[in-house]
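To keep things clear, I will list the structure first and then write my remarks on it.
The values are calculated or read from the model by the stated rules, or taken from the named source; none is laboratory data. What you see is a predicted model, and the numbers here were worked out from it, not measured in a lab. Cβ coordinates were reconstructed from backbone atoms using ideal geometry, including for glycine residues, and neighbour counts include every protein chain displayed. Surface areas here come from the heavy atoms of the whole protein model, side chains and all, with no ligands, DNA or RNA. Shrake-Rupley method; radii C 1.70, N 1.55, O 1.52, S 1.80 Å.
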Amino acid sequence: MTTLEKKIEDLFVYRKFPLLFQLVNEKYENHPLINQLIDLQKAIYFLDHHLESNWKINLDDLKIYWEDIFKALQNIGLTKEEQRDYIKHLQKYQKHELYMREGKWPNRFDLNYFYFYKSCDVKMLRRIIYKFYPALHRNFSLADWRNFDLITEVNDDTEDVFEDQKTINGNNLLINIHLEGTREAEEIFLSFIDSIDTANQERLILKPKYQQIFDWTQQEIISTKKLLSKNLRQIDQSKEAPTSKISQYLPKAISTPTS
């Protein structure tokens, strides 16, 4: 298994894809649809890698990556119309990545809005699973996964705050650290996590069958808060702002990590 394949496997497990197959009494490992989704996720990662490796982007250079994404969707069995519909959020998030080249940084967006679109790939893959196994709607609707997707995306940015210093990455936490300092960044993200917590509890009141996703979301809220504190303390203790590739393009990166 390649490093990329291991990354995709971990992503699918983290986002509970094996459970979805369990709910419809399907074997997850080596399932044809999962193998096709792996190919699709690879195509998305190759697009991401190009965007994270190059500051100057020629839109024509992106066409080959999008061709591979559409080919993967076609191999899965989506019609042309479905393909255009399913990739809308992916296209929207690409715009957010390109906005950075115009000096429009992720911290200008409401975090709920930003992370809704940053989870576009996972939402698209899950939507495909639901398309082929519509019985899943009896357990959880696609909308039921919203809070879980938000907190796991925040967790990803928190986990990757050191690794993403090596790339041109739209890691909203890292960019907030550069522009606002660790203290302010922590307050901003803790407030957002608390809002996810509130939305998660409200969802359970409205829909008791949501209990399982509620529990998973609560677990991620707790672990993400701990990870946020741990990683930001590590940055604080270095007494220097992170040295990251993207900082050279930021308008007013601060000189120290604290506010």
Looking only at helices (runs of 4 or more DSSP H) that fall completely inside segment 112-199, which ones have 1 or more residues that are modelled with pLDDT of 95 or more, under 30 Å from residue 26 (Cα atoms) and more than 18 Å from the chain's Cα centre (by Cα)?
120-132
Return yes when residue 105 is open to solvent by 20 Å² or more (accessible area, probe 1.4 Å), in contact (Cβ under 8 Å) with a residue 12 or more places away in the chain and farther than 18 Å from residue 122 by Cβ and no when it is not.
no
Kindly indicate whether residue 45 is hydroxyl-bearing (Ser, Thr, Tyr) and in a helix (DSSP H, G or I).
yes
Would you point out which residue out of 37, 23 is more than 21 Å from the chain's Cα centre (by Cα) and either of a type in the set (S, T, N, Q) or open to solvent by less than 80 Å² (accessible area, probe 1.4 Å) (or both)?
23
Select from segment 110-129 the residues that are in contact (Cβ under 8 Å) with a residue 40 or more places away in the chain and aromatic (Phe, Trp, Tyr) and write down the one among them that is farthest from residue 23 (Cα to Cα).
114
Can we say residue 46 is open to solvent by 30 Å² or more (accessible area, probe 1.4 Å), within 19 Å of residue 11 (Cβ to Cβ) and not β-branched (Val, Ile, Thr)?
yes
For the subset of segment 124-160 comprising residues that are touching an Asp or Glu at 6+ places or on another chain (Cβ under 9 Å) and open to solvent by 40 Å² or more (accessible area, probe 1.4 Å), which member is nearest to residue 209 (Cα to Cα)?
133
